[in-house]
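> The following block contains the structure, expressed as structure tokens.
The values are calculated or read from the model by the stated rules, or taken from the named source; none is laboratory data. Note that the structure is predicted; figures quoted are calculated from it, not measured. Positions of Cβ are backbone-derived with ideal geometry, glycine not excepted, and every protein chain shown enters the neighbour counts.
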Amino acid sequence: MGKKKQPTYRIVAADARAARNGAFLEIVGTYEPRGLSKANPETVLKVDNDKCVAWLLNGAQPTERVAKILKTSGALDAFEAAKAAK
């Protein structure tokens, strides 16, 4: 996604059997690395933490990069708290 020299990435929940750029189950956020990160960090990272926690509780495994993004957004902390509450 995005435009020339300004990429935008979707953070998705996908089935491991699907192709890397194939079908996905749900979009849980977006990441815009070339956004106005210094002035307004909310424009760079938009993650629905509730959806992320629900997918993680159902067994989803984030990639290394997505795990860093989820840690920044607070979704991993919420997941750990929800997992401890069970």
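> Which residues, counting only those in segment 2-14, are surrounded by 10 or more Cβ atoms within 10 Å (Cβ to Cβ) and not small (Gly, Ala, Ser)? Step through it out loud before you land on a result.
Taking segment 2-14 as the starting set, the residues that turn out to be surrounded by 10 or more Cβ atoms within 10 Å (Cβ to Cβ) are 2, 6-14.
Hits for segment 2-14 are GLN6, PRO7, THR8, TYR9, ARG10, ILE11, VAL12.
> Right, next: Within segment 48-56, does at least one residue satisfy the condition of being among the basic types (Lys, Arg), touching a residue at least 12 places away in the same chain (Cβ under 8 Å) and surrounded by 12 or more Cβ atoms within 10 Å (Cβ to Cβ)?
Scanning segment 48-56, I find at least one residue that is among the basic types (Lys, Arg), touching a residue at least 12 places away in the same chain (Cβ under 8 Å) and surrounded by 12 or more Cβ atoms within 10 Å (Cβ to Cβ), so the answer is yes.
> Could you tell me how many of the residues in segment 56-65 are touching a helix residue (DSSP H, G or I) at 6+ places or on another chain (Cβ under 9 Å) and either part of a helix (DSSP H, G or I) or among the acidic types (Asp, Glu) (or both)?
Of the residues in segment 56-65, 2 are touching a helix residue (DSSP H, G or I) at 6+ places or on another chain (Cβ under 9 Å) and either part of a helix (DSSP H, G or I) or among the acidic types (Asp, Glu) (or both).
> Shifting gears a bit: Given the criteria surrounded by fewer than 17 Cβ atoms within 10 Å (Cβ to Cβ) and modelled with pLDDT of 90 or more, does LYS38 qualify?
No: the conditions fail for LYS38.
> Just a yes or no: is a residue in segment 74-83 at pLDDT below 85 and in contact with a Lys or Arg (Cβ under 9 Å, 6 or more places away or on another chain)? Break it down stepwise before answering.
Going through segment 74-83, the residues at pLDDT below 85 turn out to be none.
No, because not a single residue in segment 74-83 is at pLDDT below 85 and in contact with a Lys or Arg (Cβ under 9 Å, 6 or more places away or on another chain).
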